[in-house]
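**Q** One structure, as structure tokens, below. Some questions next.
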Amino acid sequence: MAKRLVFLILLALPLLKAGAAEMSEARDLGIPIKGVSWVRLHAGKTADGAPSLLATMSQTNGGLFVIDIDLDTGHCTQFAVQDRKNSSFSTATFRSLQTGILYIGSAWDGHLHQFDPARPGKGIEDLGPIAKGVTFPTGINESQDGAIWIGSYPGANLTKFEPKSKIFTSFGRMDESEQYLYPLAGDDGSLAALVRVVRPHLVAIDPKTGVHREVGPSITDTLDKSQFLRFFKGTDRRLYLDSHTGKYRIEGTLLVSVKHLPEPMAGIHAAGEHRYQNPLVMPGGWQAHLMDDGGGKGSGAPRRILLSNTDPLVASRILNLDWVGGGSNVHVIELGPDGMLYGSSYLPNLLYRASLDGSKLDHLGQHTFAAGQAYSVTSLDEKVYLASYPQARLSVYDPKRPLSFGIEAGDNPRDLGRLDDVGYRPNAMIASPDGKLWIGSGPDYGLMGGTLAWYNPKTEQKASHRAIVPDMSPSSLLWLPESEKLLVGMSIEAGTGATITKFDGAFALWDPKTDSLDWSGDFGIEGLADVTSLALAGDGLVYALIGRGDHVVSAGAPEIAPRIALIDAKSRTLVSSAWLPDEFGPLSWHGSYSLRTGPGGIVYGATGYCIFRIEPGTCQVERIWQRDQPEMRSGAWRTALSPNAIDIVGPIVGNEFYFATGWLLRSITLPE
């Protein structure tokens with residue numbers, strides 16, 4: 001009985017100790033980046049026939065907005081979305097060729113909005129939710145009768161919106177397994193949509209009933225570059241498909257072979273891409289082009305527009321824009337070789353540098369052609385390396401040299417490109433003592449099995465290994481000095497759009513000398529979820545944070561509470577484990593990079609609203625900072641709904657624990 005009582009007391013220790021330390025107040029260090037993403041120019045004309053140029057821009061602090069650009073001065077009249085917290089990203093946009101009204105689909109709330117430049121006093125009007133369950137509009141187009149057709153994620157959903165009645169009609173799924181849909185409407189009454197991403201193909205749709213059928217070829221292997229589908233609306237205002245098997249025209253719900261294809265029609269979005277196929281020529285022969293939009297990805301801090309004219313005798317002009325940004329979410333924070341903090345923002349992916357006290361915040365600009373965000377950062381040989389989504393592109397910045405972004409050897413920052421054709425979300429990156437960078441990535445959209453890759457900056461040699469544990473992706477990396485091996489935490493993460501088929505994570509030991517798998521398994525942990533963070537615990541032991549993020553849950557995996565495990569990597573055994581207390585916030589799970597080593601070798605961790613420390617040699621945890629949690633919805637971390645959320649976990653420097661809440665860089669002082 002006495003032994004059982006002692007055992008129960010030990011089990012309760014994490015709960016009894018939670019909240020024992022005096023909590024510090026967080027300090028706000030500032031907003032490192034004020035950029036924009038999903039930037040698109042929308043050319044047209046006013047009601048009286050004058051040239052008109054609008055642009056949509058997205059941001060996390062303040063939501064998406066529209067600017068009406070003065071073609072003489074570049075001055076921007078700015079219009080904010082109504083719901084500035086939830087309508088963050090203008091993921092699908094289309095300016096009507098019939099009315100000049102700009103339609104905007106917003107993520108992550110799945111609403112449709114409109115902006116009528118003829119009635120600027122009404123601002124951006126929220127027309128309401130597109131359809132039940134829709135969070136991310138993917139494409140918008142217009143049929144000849146004025147109806148607006150919207151493709152959305154998830155569920156490859158098709159919705160019709162009628163501007164006069166303001167009525168939405170959802171036709172539901174256009175494919176039973178895919179998630180992404182990009183519709184186009186022909187002036188002959190035809191309607192079709194490109195379906196992505198696991199097996200891209202085309203569906204022809206009856207616009208009256210929504211009845212649909214797959215037509216034409218599909219891409220059976222997305223890594224085979226010889227397979228392609230190019231779906232577009234031609235200058236004759238009909239729908240066409242160019243493909244690896246031939247050229248076709250959509251006629252009703254049929255696909256008819258043709259010998260020749262017309263040019264794409266101006267003012268219509270390229271299906272499956274985030275750009276207009278051809279720029280629209282405004283009255284007076286003017287065309288507009290963004291000059292600094294993140295390498296053509298519509299992301300960054302664009303300030304210049306080139307106005308050119310179809311008349312070669314009319315001189316081109318450059319407009320300087322004066323839009324005002326609110327702030328971009330910080331996506332990663334690490335300590336650089338010069339004692340400064342480095343990282344990138346989230347949509348747009350811009351490099352920043354900050355002093356430890358926040359007195360110096362430097363916006364260093366573009367560091368890669370990957371427009372999303374850096375997922376991991378590390379330092380090697382006095383340089384800062386970043387690995388970014390999409391394409392898991394590697395880039396490098398030398399703090400001692402002047403800024404000059406590019407891809408050549410003398411550029412700084414320099415985009416080094418991809419290490420393989422599969423890696424897409426570079427979850428973890430570390431440097432090994434032999435001078436190599438190791439990157440663990442989730443796979444491209446629709447694929448299973450991520451990659452473990454390495455790169456040697458001195459020799460520029462590289463190698464990549466896919467699915468070192470079948471159907472899994474590396475999610476965390478740790479160098480083991482005793483065995484000189486790489487410990488890899490594995491996740492069941494698949495490429496977005498793919499369905500997860502297994503629910504148990506794994507560990508792997510990788511031998512850098514032979515560049516091969518030494519061992520994989522679960523260390524005896526039953527019901528092992530994703531291994532999202534690793535930290536040395538001393539005496540050859542390792543702490544692992546185990547849980548499941550919302551991106552994995554949304555792909556079909558069941559939710560699971562987070563826990564701490566103490567493992568012996570040498571004997572490949574579990575020493576102990578414990579679930580984190582409920583009040584630490586399992587629903588606000590963070591995970592990535594959450595275990596950090598602090599003063600005295602003590603390991604600290606974080607969830608979405610709590611910072612805790614682990615008693616050495618045990619899995620007992622002590623809460624040192626926590627604030628109230630709001631009710632959370634799926635994807636809430638993207639917009640930092642709470643002023644206290646720990647969206648990104650940074651390093652511990654001295655006794656300061658760095659993290660980010662949305663667009664704010666912050667820190668707390670660890671208790672003695």
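**Q** Out of all the residues in the range 398-430, which are under 19 Å from L335 (Cβ atoms) and over 22 Å from the mean Cα position of the chain (by Cα)?
**A** Of everything in the range 398-430, those that are under 19 Å from L335 (Cβ atoms) and over 22 Å from the mean Cα position of the chain (by Cα) turn out to be D398, P399, K400.
**Q** So in the range 551-569, with the set limited to residues that are β-branched (V, I, T) and surrounded by fewer than 22 Cβ atoms within 10 Å (Cβ to Cβ), which one is farthest from S594 (Cα to Cα)?
**A** If we take residues in the range 551-569 being β-branched (V, I, T) and surrounded by fewer than 22 Cβ atoms within 10 Å (Cβ to Cβ), then V553 is farthest from S594 (Cα to Cα).
**Q** Could you pull out the residue among S388, S379 that is crowded, with 24+ Cβ neighbours inside 10 Å and not acidic (D, E)?
**A** That would be S388, the only listed residue that is crowded, with 24+ Cβ neighbours inside 10 Å and not acidic (D, E).
**Q** So, in the range 184-217, how many residues would count as being under 19 Å from G267 (Cα atoms) and touching a residue at least 60 places away in the same chain (Cβ under 8 Å)?
**A** Our first condition is that a residue be under 19 Å from G267 (Cα atoms); within the range 184-217, this holds for 184-194.
Add one more test, that the residue is touching a residue at least 60 places away in the same chain (Cβ under 8 Å), and what stays is 184, 186, 188-190, 193-194.
Counting residues in the range 184-217 that are under 19 Å from G267 (Cα atoms) and touching a residue at least 60 places away in the same chain (Cβ under 8 Å) gives 7.
**Q** Restricting the search to the range 526-550, which residues are in contact with a helix residue (DSSP H, G or I) (Cβ under 7 Å, 6 or more places away or on another chain) and crowded, with 24+ Cβ neighbours inside 10 Å?
**A** Step one: of the range 526-550, the residues in contact with a helix residue (DSSP H, G or I) (Cβ under 7 Å, 6 or more places away or on another chain) are 530, 538.
Answer for the range 526-550, where residues must be in contact with a helix residue (DSSP H, G or I) (Cβ under 7 Å, 6 or more places away or on another chain) and crowded, with 24+ Cβ neighbours inside 10 Å: just D530.
**Q** What is the one condition in (1) in contact with a strand residue (DSSP E or B) (Cβ under 6 Å, 6 or more places away or on another chain); (2) farther than 21 Å from G151 by Cβ that T245 does not satisfy?
**A** (1)
**Q** Output yes when any residue across the range 101-111 is surrounded by fewer than 22 Cβ atoms within 10 Å (Cβ to Cβ), in contact with a strand residue (DSSP E or B) (Cβ under 9 Å, 6 or more places away or on another chain), over 23 Å from N320 (Cβ atoms) and touching a residue at least 40 places away in the same chain (Cβ under 8 Å), and no when none is.
**A** Within the range 101-111, one or more residues are surrounded by fewer than 22 Cβ atoms within 10 Å (Cβ to Cβ), in contact with a strand residue (DSSP E or B) (Cβ under 9 Å, 6 or more places away or on another chain), over 23 Å from N320 (Cβ atoms) and touching a residue at least 40 places away in the same chain (Cβ under 8 Å).
**Q** In the range 459-485, what count of residues is obtained for those that are within 22 Å of the chain's Cα centre (by Cα) and outside any loop (DSSP other than H, G, I, E, B)?
**A** Of the residues in the range 459-485, 6 are within 22 Å of the chain's Cα centre (by Cα) and outside any loop (DSSP other than H, G, I, E, B).
**Q** If you scan the range 87-108, which residues turn out to be polar (S, T, N, Q) and in contact with a Ser or Thr (Cβ under 9 Å, 6 or more places away or on another chain)?
**A** Within the range 87-108, S87, S88, S90, T91, T93, S106 qualify.
**Q** Let me ask something else about it. Can you run down the residue pairs with Cβ atoms below 6 Å, 6 or more apart or on separate chains, where the first is in the range 543-567 and closer than 11 Å to S475 by Cβ and the partner is of a type in the set (F, W, Y)?
**A** Going by the 6 Å Cβ cut-off, the qualifying pairs are G547/W589.
**Q** Does the range 82-92 contain at least one residue that is assigned to a strand (DSSP E or B) and either on the phi > 0 side of the Ramachandran plot or more than 20 Å from the chain's Cα centre (by Cα) (or both)?
**A** Taking every residue of the range 82-92 in turn, none turns out to be assigned to a strand (DSSP E or B) and either on the phi > 0 side of the Ramachandran plot or more than 20 Å from the chain's Cα centre (by Cα) (or both).
**Q** To continue, here is another question. Within the range 268-308, which residues are surrounded by fewer than 16 Cβ atoms within 10 Å (Cβ to Cβ), in contact with a Gly (Cβ under 8 Å, 6 or more places away or on another chain) and farther than 25 Å from L229 by Cβ?
**A** Within the range 268-308, P283, D292 meet the criteria.
**Q** State all residues of the range 93-117 that are touching a helix residue (DSSP H, G or I) at 6+ places or on another chain (Cβ under 8 Å) and not in a strand (DSSP E or B); if no residue qualifies, say none.
**A** D116, the sole residue that qualifies.
**Q** Go through the range 201-211 and report how many residues are closer than 15 Å to G186 by Cβ and in contact with a strand residue (DSSP E or B) (Cβ under 8 Å, 6 or more places away or on another chain).
**A** Final tally of qualifying residues: 6.
**Q** Specify which of the listed residues (G327, G343, G339, G298) is part of a loop (DSSP other than H, G, I, E, B), within 23 Å of the chain's Cα centre (by Cα) and over 21 Å from V281 (Cα atoms).
**A** G327
**Q** Go through the range 466-498 and give me each residue that's without any contact (Cβ under 8 Å) to a residue 24 or more places away in the chain and at positive phi.
**A** Correct list: A467 only.
**Q** Right, something else. List the number of the failed condition for R596; all other conditions in (1) over 26 Å from D471 (Cα atoms); (2) out of contact with any Phe, Trp or Tyr (no Cβ under 7 Å at 6 or more places or on another chain) hold.
**A** All conditions pass for R596, except number (2).
**Q** Are any residues in the range 363-393 more than 18 Å from G300 (Cα to Cα) and outside any loop (DSSP other than H, G, I, E, B), and if so, which ones?
**A** Passing the criteria: S376, V377, T378, S379, L380, K383, V384, Y385.
**Q** In addition: How about the range 122-176: which strands (runs of 3 or more DSSP E) wholly inside it have at least 1 residues that are within 21 Å of I101 (Cβ to Cβ), in the same structural domain as R40 (by TED's automatic domain parsing) and in contact with a His (Cβ under 9 Å, 6 or more places away or on another chain)?
**A** The strands (runs of 3 or more DSSP E) meeting that bar are 124-129.
**Q** Is it fair to say P651 is at pLDDT 50 or above, of a type outside the set (V, I, T) and not in a strand (DSSP E or B)?
**A** Judged against the criteria, P651 is not a match.
**Q** Mind checking which pairs have a first residue in the range 397-415 that is touching a residue at least 60 places away in the same chain (Cβ under 8 Å) and a second that is of a type in the set (G, A, S), Cβ under 6 Å, 6 or more apart or different chains?
**A** P413/S395
**Q** Would you be able to tell me the number of residues in the range 40-85 that are surrounded by 18 or more Cβ atoms within 10 Å (Cβ to Cβ) and of a type in the set (S, T, Y)?
**A** The qualifying residues number 4.
**Q** For T159, state whether it is surrounded by 24 or more Cβ atoms within 10 Å (Cβ to Cβ) and within 24 Å of A43 (Cα to Cα).
**A** The answer is no for T159.
**Q** Only one of S520, S516, S576, S592 is surrounded by fewer than 18 Cβ atoms within 10 Å (Cβ to Cβ), under 26 Å from G446 (Cβ atoms) and among the polar types (S, T, N, Q). Can you tell me which?
**A** S520
The values are calculated or read from the model by the stated rules, or taken from the named source; none is laboratory data. Worth saying up front: this structure is predicted, and the values here are computed from it rather than measured. Methodologically, a virtual Cβ is constructed for each residue, glycine included, from the backbone with ideal geometry; neighbour enumeration extends over all protein chains shown.
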